[in-house]
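Student: Have a look at this one before I ask anything.
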Amino acid sequence: MEGKPWQIAGNPDLGDLTGPDQQPVDFAVWKAADGTWQLWSCIRDTKEPGRTRLFYRWESPHLTSANWTPRGIAMQADPSKGETPGGLQAPYVLPARNRFLMFYGDWKSICMAESQDGKSFKRIVHNGRAGMFSEGDLSNTRDVMVINIEGVWHCYYTAIIDRKGAVFLRTSRNLKTWSASRRVAFGGSAGDGPGSAESPFVYQAPDGSFYLFRTQVYGRNARTSVYHSTDPTNFGINDDRCLVGTLPIAAPEIVEDRGQLFIAYLLPDLNGIQISRLTFE
């Protein structure tokens with residue numbers, strides 16, 4: 001990370017749903033069809049019924065601008081589509097095939113929505129339900145991100161099995177049929193507790209290798225472990241062979257704009273989101 005970071009979002013006013021202890025947490029940053037930059041964040045501990053979470057939206061003409069314009073609540077859970085009330089978690093958005101796709105968690109499953117303009121999204125429903133797949137009702141399958149590698153969609157996410165958190169992967173060629181899951185990062189010095197594999201993010205470097213960012217701690221003592229591998233299906237299981245270091249940040253997302261890399265991450269007090277310039281050595 002280079003230079004001084006700039007804050008792009010704070011803790012929003014949710015009107016009647018504003019909670020005294022609410023926090024913006026996992027988020028997505030992308031450029032919409034009209035060229036504006038979009039930020040959606042999961043806001044937790046609101047007065048939203050159920051699991052207290054919803055998505056809020058900000059917008060800016062430039063990625064490098066500070067204090068993006070608040071645009072209001074963007075999405076709330078829809079129990080009629082099988083989503084857990086108040087259970088929306090960790091959106092991730094990317095352009096794909098003349099549309100924008102949003103992947104997100106509903107507390108139990110990974111879901112998908114689509115948009116033509118990159119601002120207004122409609123759920124993609126399967127047999128009346130938004131959920132596509134899950135590691136089980138008690139696993140809290142969440143924190144999804146997706147990358148296309150040589151024509152195959154790689155969907156990374158975290159889940160808790162037997163009180164142990166891991167980064168999982170499923171793949172697809174058509175975004176409809178997904179493979180069985182496999183663990184791609186687990187244990188090692190980052191630990192194997194329920195929160196040891198939060199907010200996974202995979203970046204493919206120009207040389208074709210891959211970096212995995214895996215968060216263990218949010219807040220003032222934030223910590224994200226960084227792994228490097230030539231194999232996007234294996235960043236180390238119960239070992240640190242791929243570990244290259246740690247960063248004092250939480251829930252990072254890498255964004256590219258006009259050839260420059262940036263990294264967005266949470267403020268230490270969990271009251272907003274900031275961005276820094278990024279280079280790889």
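Student: Can you name the strands (runs of 3 or more DSSP E) wholly within the stretch 165-259 that have at least 3 residues being over 16 Å from the mean Cα position of the chain (by Cα) and under 20 Å from S109 (Cα atoms)?
Tutor: 182-185
Student: Follow-up question, since we're still on this one. If I filter the stretch 152-161 down to residues being among the aromatic types (F, W, Y) and surrounded by 23 or more Cβ atoms within 10 Å (Cβ to Cβ), which single residue comes out as nearest to W107 (Cα to Cα)?
Tutor: Checked the stretch 152-161; the qualifying residue nearest to W107 (Cα to Cα) is Y157.
Student: Please enumerate the residues belonging to the stretch 87-100 that are surrounded by fewer than 20 Cβ atoms within 10 Å (Cβ to Cβ) and either part of a strand (DSSP E or B) or of a type outside the set (A, V, I, L, M, F, W, C) (or both).
Tutor: Of everything in the stretch 87-100, those that are surrounded by fewer than 20 Cβ atoms within 10 Å (Cβ to Cβ) and either part of a strand (DSSP E or B) or of a type outside the set (A, V, I, L, M, F, W, C) (or both) turn out to be L94, P95, R97, N98, R99.
Student: State which residue is farthest from the chain's Cα centre (by Cα) when the search covers only the stretch 16-26 and only residues that are touching a residue at least 12 places away in the same chain (Cβ under 8 Å) and surrounded by fewer than 13 Cβ atoms within 10 Å (Cβ to Cβ).
Tutor: D16
Student: I'm trying to understand the selection: among the residues of the stretch 38-65, which are crowded, with 18+ Cβ neighbours inside 10 Å and on the phi > 0 side of the Ramachandran plot?
Tutor: If the condition is that a residue be crowded, with 18+ Cβ neighbours inside 10 Å and on the phi > 0 side of the Ramachandran plot, then T52 is the only one that fits.
Student: Would the stretch 108-128 turn up any residue that is of a type in the set (D, E, K, R), surrounded by fewer than 18 Cβ atoms within 10 Å (Cβ to Cβ) and closer than 23 Å to D16 by Cα?
Tutor: The answer is no; no qualifying residue exists.
Student: Every residue in the stretch 248-281 that is free of Cβ contacts under 8 Å to residues at least 60 places away in the same chain and farther than 13 Å from R220 by Cα, please.
Tutor: P252, I254, E256, R258, G259, Q260, L261, E281
Student: Please name all residue pairs, on different chains or six or more residues apart, with Cβ atoms under 8 Å, provided the first residue is in the stretch 66-78 and is loosely packed, with under 14 Cβ neighbours inside 10 Å and the second residue is among the aromatic types (F, W, Y).
Tutor: A66/W6; T69/W58; G72/Y56
Student: Could I ask something else about it? When the residues of the stretch 133-151 are narrowed to those that are modelled with pLDDT of 95 or more and among the hydrophobic types (A, V, I, L, M, F, W, C), which ends up surrounded by the most Cβ atoms within 10 Å (Cβ to Cβ)?
Tutor: Selected residue: V144.
The values are calculated or read from the model by the stated rules, or taken from the named source; none is laboratory data. As the structure is a computational prediction, the values presented were derived from the model and not from experiment. Here Cβ is always computed from backbone atoms with ideal geometry, including for glycine, and neighbour counts include all displayed protein chains.
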